[in-house]
Amino acid sequence: MTDQVPVSEITPEELIESIETGDGIQVLDVRAPHRLAGGHIDLLPEDRFFNMAGSEVVALQDLGEIGIDKGRPVAVVCGHGNSSKGIARLLGERGYEARSLRGGMAAWMMSAYPRTLPAPAELDHLVQYDRVGKGSLAYLLVSDGEALIVDPARNWRPYVDRAADLGAKVIGVADTHVHADYISGASELAGTLNVAYYLHPADNRHAYEGTPGKLKISELEDGTTITVGRAVIRAFHTPGHTEGSTTYLVGDAAAFTGDFLFVKSLGRPDLGGKVDEWTALLWKSVQAAKETLPPDAMIYPAHYLSDAERQGDRTVGGGFEAICQSNEALQMKTEEEFTEWVKSRVSSIPGAYRKMKVINVGLLAVSPEEADELEVGKAECAVG
């Protein structure tokens, strides 16, 4: 019996780095082609992404038929990082430099890649966590040995570990709103650490039925402040995407806008079944933001649609004045024009979103496996 070629693995974070540094890595997704509709690794040029079911790969006499460049490394991807190991081994035996994506697409969807942001004077460190599989963002704010985590995903351990590495203790967790596109880790994290969970009370209920939620929250109102070290973070109520949608302001330097304001769009007002009412709220919030936010304030949202919303260092965000000039949604002159613009761009609501809202107010519990299935695919929370 001959020794098998050992299988090397690549983590989601290593794959992101490999793609972004331009080392020519390729991806072979060995799931059935119809699985790609629910989400796939889309950071690569089309000529470096390949899809062929694993059973078909194994049946090939000549692996060159797949089209992979033998002179470049390749990451093999499956659902949970199991069957990809066998395909990576097969490729290795045929002379390819192949690695299996550890944890597969489930891990890719959950991965949160840290990117350092310029810290305002009130903060010592500011880290943006980029879930490239979802197009969603979370934040770690550190000041004088204390930390606040904003919009954490279920996999909250990386934020806590990074805070510890920076010599900070997490003293609070905040959601900008009750999310529809992913399951928040805020309530569990706050309970595990025994710290405050900040959320506007208007969001602690079932958006469709009005049933009170079961979240244990520290209620926010417009103007409520949260002290983190020397930083005083102010809650700015910006409803429209949800009734409780809140922007967190760090002085005049930074605004964490959640799904209210994106670099290139706004948050959808139709995900709670009240499109007319919430579109009107969204218009008022836009006007309030124009009156309140300093032109130089950096806008840091909870989502992005494409790389066009990234800056040169791959972080997502932008100065408010520049966003006002480039974001079509902020250029509407009247409420009527704005309403028409919004309603002409909303699309069908993903089937899992209503269920995830129920989960996120504590009215339903699901297994980790079901949570993985619910969260598959890019976020669809933006108008457009």
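Here are a few things to note about the model shown:
- Among strands (runs of 3 or more DSSP E) entirely within region 31-107, having at least 3 residues that are buried (at least 19 other Cβ atoms within 10 Å of the Cβ) and in contact with a Gly (Cβ under 8 Å, 6 or more places away or on another chain) singles out 98-101.
- Entry remark, region 56-112: residues being farther than 30 Å from ARG157 by Cα and either under 27 Å from the mean Cα position of the chain (by Cα) or among the hydrophobic types (A, V, I, L, M, F, W, C) (or both) number 10 in total.
- Here VAL358, VAL342 are screened, and the one residue that is surrounded by 13 or more Cβ atoms within 10 Å (Cβ to Cβ) and either in contact with a helix residue (DSSP H, G or I) (Cβ under 7 Å, 6 or more places away or on another chain) or part of a loop (DSSP other than H, G, I, E, B) (or both) is VAL342.
- Figure legend. Inter-residue proximity from region 26-51: first residues touching a residue at least 40 places away in the same chain (Cβ under 8 Å) and under 10 Å from CYS78 (Cα atoms), second residues of a type in the set (Val, Ile, Thr) and part of a loop (DSSP other than H, G, I, E, B), beta-carbon distance below 8 Å, spacing 6+ or different chains. Indicated pairs: LEU28/ILE68; ASP29/ILE41.
- HIS34 vs. criteria assigned by TED's automatic domain parsing to the domain that holds GLU14, farther than 14 Å from GLU9 by Cα and out of contact with any Phe, Trp or Tyr (no Cβ under 6 Å at 6 or more places or on another chain): yes
- The condition of being buried (at least 21 other Cβ atoms within 10 Å of the Cβ), farther than 21 Å from LEU123 by Cβ and either at pLDDT 95 or above or assigned by TED's automatic domain parsing to the domain that holds ARG354 (or both) holds for only one of THR257, THR279, that being THR279.
- Checklist (1) farther than 18 Å from ILE41 by Cβ; (2) in contact with a helix residue (DSSP H, G or I) (Cβ under 8 Å, 6 or more places away or on another chain) applied to LEU126, failing item: (2)
The values are calculated or read from the model by the stated rules, or taken from the named source; none is laboratory data. Computed from a predicted model, the values in this text were never measured in an experiment. Every residue, glycine as well, gets a Cβ built from its backbone with ideal geometry; the counts of neighbours run over all protein chains shown.
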